[in-house]
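Below is one structure, written out as structure tokens; comments come after it.
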Amino acid sequence: MSIAERARPQAPVTPPADDTVKWMALRTRDARADGSFVYSVRTTGVYCRPSCPARPARPENVGFHATCGDAEAAGFRPCKRCRPNEPALAERQAEAVARACRLIEEAETMPALERLAEVAGMSAFHFHRVFRKITGITPKAYANARLAGRIASGLKDAGSVTEAVFDAGYKSSSRFYAKGTERLGMTPTAYRKGGVGTRIRFAAAECSLGSILVAATEKGVCAILLGDDPDALVRDLQDRFPKAELSGGDEMFERWVAEVIGFVEAPGRGLDLPLDIGGTAFQQRVWTALRAIPVGATATYADIARAIGEPAAVRAVAQACGANRLAVAIPCHRVVRSDGSLSGYRWGVERKRNLLAREGAAR
């Protein structure tokens, strides 16, 4: 053995039997295993995270370490490709997008894309792509949603709609009215006055989960409520829009209700109906992330917080889930605690368990 070979860090000749799971994570480049361990390669003298895209090493040259510190103590240096001693790429991207989101939220007008990319430490093209991947919308759409959210929260306290528009950062009321209805699902004045002037069709029926109420504005389905008492569901709808014109649905609307019930009974079939989602900008980001969870899968509140680029906003994510009025269509039932157990559900934990069981069977 040469002097250079004797100087190289030494690793176990073969992976121990109890490291089979780690070896499988390494072979499949499973990013979910990042942070739980690192592996070293004797022939290169480096250590990597499990998801490292480098060519797999031979088993006899690989060793496993609980932490980066353990690997470095054994004489290995961090891989320059996967940078195991730094936050994971997804985490770094989420933090970068979060910085850009804060800049958008604090600015009176939409910052230039180049400025947002600079704050995120990326090129404009790469930043735009990463932002959309994490939030589900473009930076411009996010900025518009934030402004509309300020309107929604300020309408009840402002002296007038115009005052709320300018307080939210719009330079002219015409700019808001061009976008506001799209976000609020109705005119700003109607929203402020509890749905005044807005016609909402609704119908209550029964499904295997109990009573169900489906309501819709001219834009699309605005509420899917579940419960034990149809009268209580109607009162819930009235409390949300106390001054809206509520009316029973016609024959076409009854077909919508039937489609929603069919979707509840068999979630795997999807729901091909327009939705009038509404909500604040933050709620919309959370709900977009919820709709990205595949049928039959679950995510934690922390997962959703990271997905929208705000890993510290776990409590706010839970509140946004609780504010959801579109049961199943916005699948907040797919969110579980960090240990995998079922947390509270607006329409009852048993319904949540039932829905997850159905989706698991349909997967």
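FYI, it's all coordinate maths here, none of it is from the lab. A quick note: this is a predicted structure, and the numbers were derived from the prediction, not measured. Because the Cβ atoms are built from the backbone with ideal geometry, glycine has one as well, and the counts that use them run over all protein chains shown.
Details
- Whichever aspartates and glutamates have a C-alpha closer than 12 Å to that of Lys352, once near sequence neighbours (fewer than 8 apart) are set aside: none
- Using θ = phi - 60° and Karplus 6.51 cos²θ - 1.76 cosθ + 1.60, couplings along region 51-60 (whole Hz; Gly, Pro as x): 8, 3, x, 4, 4, x, 8, 5, x, 5
- Site pair Lys80 and Lys140 shows an inter-label distance of 4.0 nm when each label is modelled 7 Å from Cα along Cα→Cβ.
- Counting 0.36 nm for each residue step from Asn61 to Glu91 and taking away their Cα separation leaves a gain of 7.9 nm.
- Among Leu275, Gly262, Ile304 the positive-end extreme of the charge dipole of region 261-323 (Cβ point charges): Ile304
- Net length gained if the chain between Asp231 and Ser338 were fully extended (0.36 nm per residue, minus Cα distance): 35.0 nm
- Residues whose amide H lies under 5 Å from that of Val295, counting only those 5 or more places away or on a different chain, are absent; hydrogens are built 1.01 Å from N in the peptide plane.
- Between amide H atoms placed 1.01 Å from N, distances below 5 Å from Ala223 occur with Ala215, all of them 5 or more places distant or on a separate chain.
- Placing +1 on the Cβ of every Lys and Arg and -1 on the Cβ of every Asp and Glu, with no other charges, gives region 49-135 a dipole of roughly 480 debye about its Cα centre.
- Placing +1 on each Lys and Arg Cβ and -1 on each Asp and Glu Cβ, with no other charges, gives region 234-274 a dipole about its Cα centre of roughly 180 debye.
- Overall form of region 27-75 per C-alpha gyration tensor (a/c, 1.5; a/b vs b/c): oblate
- Between Val21 and Gln238, full extension at 0.36 nm per residue minus the direct alpha carbon distance yields a gain of 72.7 nm.
- For Phe64, the residues whose modelled amide H falls within less than 5 Å of its own, excluding neighbours fewer than 5 places apart on the same chain, are Ser40.
- In this structure, Ala266 and His126 have a Cβ-Cβ separation that, at R0 = 45 Å, corresponds to a calculated FRET efficiency of about 0.65.
- Structural descriptor for region 241-363: relative contact order 28 percent, calculated from alpha carbon pairs under 8 angstrom and at least 6 residues apart.
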